[in-house]
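All of the numbers you see were taken from the coordinates with simple rules; none came from a lab. Treat the numbers as computed from the prediction; the structure is a model and nothing was measured. Cβ placement follows ideal geometry from the backbone for every residue including glycine, while neighbour counts extend to all protein chains displayed.
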Ligand code: AMP
């Protein structure tokens with residue numbers, strides 16, 4: 001874990017003043033860090049019968065794909081509006097300024113699925129709460145929630161449903 005941490009670049013005042021941005025691109029480009037991230041994520045879900053990993057656009061696509069591959073599961077993207085070509089379902093959530101929306105294909109998840117919802121960073125939890133609502137509306141057997149990084153000071157877990165089963169690899 002210390003190795004991964006040493007490869008995460010911390011960028012002050014990005015994207016706006018006062019935000020310390022945890023940049024995972026420097027970990028993803030390092031072969032050993034990428035391998036450890038994929039392995040450690042998958043160890044959390046090895047024996048859980050996971051059938052689909054949902055990655056949140058866009059940084060959640062990277063870890064989500066690796067996790068799906070490691071688990072022998074399928075990968076499903078949760079995307080910004082207007083990007084998915086077929087019939088979609090959507091959920092909106094409040095951001096600091098204004099409202100944001102995410103979409104998934106209506107047929108992406110079914111009642112037999114065991115799902116891991118993945119994003120790179122848990123900050124306020126707003127994005128994940130919306131994604132959770134969306135996946136839940138498709139009635140899978142079980143939903144797990146996973147992050148590479150959790151920013152504990154922001155208490156994002158409080159914005160997720162109480163029933164949510166949440167893990168993260170690295171806490172700051
Ligand atoms: P939130 O909805 O507040 O939990 O934030 C959601 C998204 O913003 C996550 O998908 C992260 O990719 C990104 N994000 C928010 N804060 C940070 C941060 N301090 N460092 C890196 N990414 C962040």
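General observations
- Note on the chain: GNM, Cα springs under 10 Å; of 73, 131, 86, the largest mean-square fluctuation is that of 86.
- On the principal axes of its alpha-carbon atoms, the chain has extents of 40, 39, 32 Å, going from largest to smallest.
- Springs join every pair of Cα atoms under 10 Å in this Gaussian network model of the chain, and among 87, 113, 40 the largest mean-square fluctuation is at 87.
- Considering helices alone, the calculated mean residue ellipticity of the chain at 222 nm is -7500 deg cm²/dmol, with DSSP H runs of length four and up weighted by -39500 (n - 2.57) and normalised per residue.
- In region 117-172, inverting the average of 1/r over every pair of distinct C-alpha atoms gives 11.2 Å as the Kirkwood radius.
- Residue with peak Gaussian network fluctuation, the chain [Cα springs, cutoff 10 Å], from 123, 27, 153: 153
- Distance from the Cα centroid of region 50-103 to that of region 108-143 is 9 Å (rounded to whole angstrom).
- Extension reserve of the residue 3-residue 155 stretch, reckoned as 0.36 nm per residue once the Cα distance is removed: 52.2 nm
- Convex hull per residue volume in Å³, alpha carbons only, for region 1-91: 136
- For the peptides 4-12, 143-151, residues were scored by their other Cβ atoms within 10 Å and the scores averaged per peptide; the highest-first order is 143-151, 4-12.
- Length available on full extension from residue 97 to residue 46: 0.36 nm per residue minus the Cα-Cα distance, which gives 14.5 nm.
- Note on region 73-172: Kirkwood hydrodynamic radius from all Cα pairs is 14.0 Å, rounded to one decimal.
- When you restrict to C-alpha pairs under 8 Å that are six or more residues apart and normalise by the size of the chain, the relative contact order lands at 17 percent.
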